[in-house]
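Notes to accompany the following structure.
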Amino acid sequence: ARQGEELRRLLEEEMEGVREEHRGAARRRMSEEEEALKREEDAQLAVAMSNWRVEQAERVRVKCVKARDELQASDPPELAELREVFESSAARHVCYTMQLVRDWASLGLDEGN
């Protein structure tokens with residue numbers, strides 16, 4: 001009878017250990033699934049935020065272009081001529097600067113050397 005009780009107690013302990021292992025495995029699976037879901041939600045949120053920023057930037061750009069056009073429409077002719085000269089000069093400067101950067105890069109000077 002004592003051996004039977006001892007065997008029953010050992011069997012119950014073993015079964016409890018098995019149950020605990022199953023519970024632990026289930027918790028790990030749930031944790032992994034929750035992490036995967038969180039990563040997916042984070043990725044979707046990042047895409048949504050990026051799209052929102054693009055939309056906001058486009059709205060701001062449209063407002064700026066509209067404001068610029070309204071201001072330019074009210075300019076006297078002399079100012080319009082000066083603006084054209086300035087814009088073409090600025091465009092040439094930007095092109096020149098970009099060419100310098102490309103030249104520096106081709107010589108390896110853009111790496112702080």
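The values are calculated or read from the model by the stated rules, or taken from the named source; none is laboratory data. This structure is a prediction, so every number in the text was calculated from the model and none was measured. All accessible areas refer to the heavy atoms of the entire protein, side chains included, with ligands and DNA or RNA removed. Shrake-Rupley method; radii C 1.70, N 1.55, O 1.52, S 1.80 Å.
Would you mind pulling out the separation of the Cα centroids of the stretch 55-113 and the stretch 1-49, in Å?
Here the two parts' Cα centres lie 61 Å apart.
Relative to the first principal axis of the alpha-carbon coordinates of the chain, what is the inclination of helix 77-107, with its axis defined by its Cα atoms, in degrees from 0 to 90 and to the nearest 10?
50
Express the carbon and sulfur contribution to the solvent-accessible surface of the stretch 10-113 as a percent, rounded to the nearest whole number, probe 1.4 angstrom. Mind showing how you got there, number by number?
Values: 5660 of 9370 Å².
C and S fraction of accessible area: 60 percent.
Can you tell me the orientation of helix 2-73 relative to the chain, as the angle in degrees between its alpha-carbon axis and the longest Cα principal axis, to the nearest 10?
For helix 2-73, the angle is close to 10 degrees.
Match the structure shown to one of the listed values (i) -0.41, -0.91, -1.19; (ii) -0.81, -1.04, -1.12; (iii) -0.50, -0.99, -1.18 of log10 I(q)/I(0) by the Debye sum over Cα atoms at q = 0.11, 0.18, 0.22 Å⁻¹, computed from it, and give that label.
(ii)
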